[in-house]
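The values are calculated or read from the model by the stated rules, or taken from the named source; none is laboratory data. Owing to the predicted nature of the structure, the values given are computational and were not obtained by experimental measurement. Here Cβ is always computed from backbone atoms with ideal geometry, including for glycine, and neighbour counts include all displayed protein chains. The accessibility values were calculated without ligands, DNA or RNA, using every heavy atom of the protein model including side chains. Shrake-Rupley method; radii C 1.70, N 1.55, O 1.52, S 1.80 Å.
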Amino acid sequence: MRIAVAGGTGTIGRHAVDLLRRGGHEVVVLTTSTGVDLTTGRGLEGRLVDCHRVLDLSNTRADAGREQSEAFFSASARNLLSAAHEAGVGHIAFLSIVGADVVDLGYYHGKRRQEELVTTGPLPWTLLRATQLHEFAAQLLDVADGPVVYVPPMLTQPVAAIDVATRLVELVTGPARGTVPPIAGPDALWVADMARRVLARRGVSRQVETLPVSDALALQLAGGDLVPEGEFLSATTTFGQYLDGLVPAGRV
């Protein structure tokens, strides 16, 4: 099949594109580096011609506020859906986050809006929600300054990017299935503990402190709203395997 992948150069997108190509599919990558701006629609014209499916992994900064996040995902979803519908695409699969429908982070409001647009849009669709990736703790560390790093009181069930990509490839190459069970890693972990393990792997002496649970949002983050409830697909790659196998010794 000819499959368009929006966000095909991101952490999950790179894996998805590689898996699709190895599976014999023709891939059209839709990113700013390939001349496509989903927020304006620039560069989309003609790119989806003869595409059978679309995999939407488009993304903005996770620390984006609600207004910025909603603006990005609203514009991107509308433009992609319009172009895909015009091109006769038969199925769109897309990725969201466990807790996006209930957690009141600004970024999650944007994902919530994307879910609303796609699931009420003109194309048959499949929605997969995933927990935070294994890379999440390292990303928090890399934007923090000083010897002490303060992280939110988050309980998550981190999952490997390759495991998410593998599941998405299965879904996008099959029939539209609506909302499918979410995917999560095998172990529930506190983000603070993940960050400490990353620092230990790096050999860096920094202190990690958890911010107090002081409001309703913190209660959501600490109370399990970021881990799946009920049926979910348990990926096999552990956080320890991520550190040992996917990360060069001494750095992340």
Taking the simple approach of a point 7 Å from Cα along Cα-to-Cβ for both Asp18 and Arg2, what is their distance in nm? 2.6
Roughly how many Å² of Asp104 are accessible to a 1.4 Å probe, to the nearest 10? 80
Once the whole set of protein chains is in place, how much accessible area is left on Arg197, using a 1.4 Å probe, in Å² to the nearest 10? 100
How big is the range 1-106 along each principal axis, measuring the range of its Cα positions in Å and listing the largest first? 39, 26, 25
Counting heavy atoms of the protein chains only and a 1.4 Å probe, report the per residue accessible area for the range 39-152 as a whole number of Å². 44
Once ligands and nucleic acids are excluded and a 1.4 Å probe is used, how much of Arg66 is accessible, expressed in Å² to the nearest 10? 120
Which residue, chosen from Gly88, Val213, Pro228, occupies the Cα position most advanced towards the positive end of the dipole of the chain, where the dipole is computed from +1 (Lys, Arg) and -1 (Asp, Glu) charges on Cβ about the Cα centre? Gly88
Kirkwood Rh in Å, taken over all unlike Cα pairs in the chain: 18.8
Given unit charges at Cβ for Lys, Arg (+) and Asp, Glu (-), the dipole magnitude of the chain about its Cα centre in debye, nearest 20, is 600
Label points 7 Å out from Cα along the Cβ direction at Gln207 and Arg42: separation in nm? 4.7
Potential lengthening between Ala188 and Arg66 on full extension [0.36 nm per residue; Cα-Cα distance subtracted]: 41.2 nm
Counting only DSSP beta bridges with both residues in the chain, what percent are antiparallel, rounded to the nearest 5? 10
Can you give the angle from 0 to 90° between the axis of helix 11-22 and the longest principal axis of the chain, with both taken from C-alpha atoms, to the nearest 10? 50
For the range 208-218, take each phi angle, set θ = phi - 60°, evaluate the Karplus expression 6.51 cos²θ - 1.76 cosθ + 1.60, and give the result in whole Hz per residue in order, putting x for glycine and proline. 10, 10, 8, 5, x, 7, 10, 8, 5, 5, 4
Using the Karplus equation 6.51 cos²θ - 1.76 cosθ + 1.60 (θ = phi - 60°), what ³J(HN,Hα) coupling, rounded to whole Hz, does each residue of the range 54-60 give in order, writing x for Gly and Pro? 10, 10, 9, 10, 4, 7, 10
Using Cα atoms only, what is the angle between the long axis of helix 191-202 and the major principal axis of the chain, expressed in degrees (0 to 90) to the nearest 10? 80
Under 5 Å from the placed amide H of Val28, counting only residues 5+ away or on other chains, we find Ile3, Ala4, Val5
Accessible-area ranking of Asp215, Asp37, largest first, probe 1.4 Å: Asp215, Asp37
Compute the angle between helix 66-87 and the longest alpha-carbon principal axis of the chain, please, reported from 0 to 90 degrees and rounded to the nearest 10. 30
